[in-house]
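What follows is a short report on a single structure.
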Amino acid sequence: WTDPAIPPYGVSAELAGIKDATGAEIPFDYADLETYPQQGELRITWAYKVGTEFKAPLTLSFVMLASLPADGGSFTFDPGPNPQLGQTWDINQDVTVNGQVVHVLSAEQAGIEPGYFLFTMQTDSNIVGASVIDLDHLPLGGGGGGGGIPTVGAPFRSGFGYQLPLPQGPLTLTFTNVQLLLPGEWT
């Protein structure tokens, strides 16, 4: 790729599928090429191993996922003085991130320890994931969430864990990264 905004480690081929000329799904294994891009090089490599029982030609299809630094955008959240594990809060705030609107739907005190919040978000754009951080408070942990098949328009989750004692709200969380499904005929 040529877009310098996408870091060298920022693109991956996901959800691969292989079909033969009849449209039959062909089972495959991931093969290690032992060939990696040079430092700073904007490319990825991948390889798949298939058997010999198929009708040529084969069609490989996948989804391209790109990770980009966010250009800002933040939302506020007040968990109150004594949040409980499993408690949820409606947030319903629209945030502009990289020129796209991310709707922050809700928060949940999640996980097994106090101080970790999982935020549910959704967009009408090709943003399918995000990372957030509270710039005013040190994190205990953070990260994305969800997993599964990334789908445009489907809700996704992002987490952030606070060191205890939990700071008193309202708290401001800022977007640091977004994951995009790249449009195109990746076949």
Compute the separation of the alpha-carbon centres of segment 1-16 and segment 34-97 and state it in Å as a whole number. 10 Å
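Which whole-number percent is the relative contact order of the chain (Cα, under 8 Å, 6+ apart)? It would help to have the intermediate numbers written out before the result.
Numbers: 424 pairs, mean separation 41.6, N = 187.
Once normalised by length, the contact order is 22 percent.
By per-residue mean of other Cβ atoms within 10 Å, what is the highest-first order of 163-173, 70-80?
Details: 163-173: 14.3, 70-80: 16.6.
Ranked from most to least packed, the peptides come out as 70-80, 163-173.
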Using θ = phi - 60° and the Karplus curve 6.51 cos²θ - 1.76 cosθ + 1.60, what whole-Hz ³J(HN,Hα) does each residue of segment 174-182 get, with Gly and Pro shown as x? 10, 6, 10, 7, 10, 10, 10, 7, 7
Simple spin-label model, 7 Å along Cα-to-Cβ: Tyr48 to Ala31 in nm? 1.2 nm
Taking +1 at the Cβ of each Lys and Arg and -1 at the Cβ of each Asp and Glu, which of Asn126, Thr45, Gly161 sits farthest along the dipole of the chain towards its positive end, judged by Cα position relative to the Cα centre? Thr45
If a/c stays under 1.5 just call it rounded; otherwise compare a/b with b/c (prolate if a/b is bigger, oblate if not). Do that for the chain, with a ≥ b ≥ c from the square roots of the Cα gyration tensor eigenvalues. prolate
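Only the coordinates and a few stated rules stand behind these numbers; no lab work does. Since the model is a prediction, treat every value here as computed from it, not as a measurement. Note: ideal-geometry Cβ built from the backbone for every residue, glycine included; neighbour counts use all protein chains shown.
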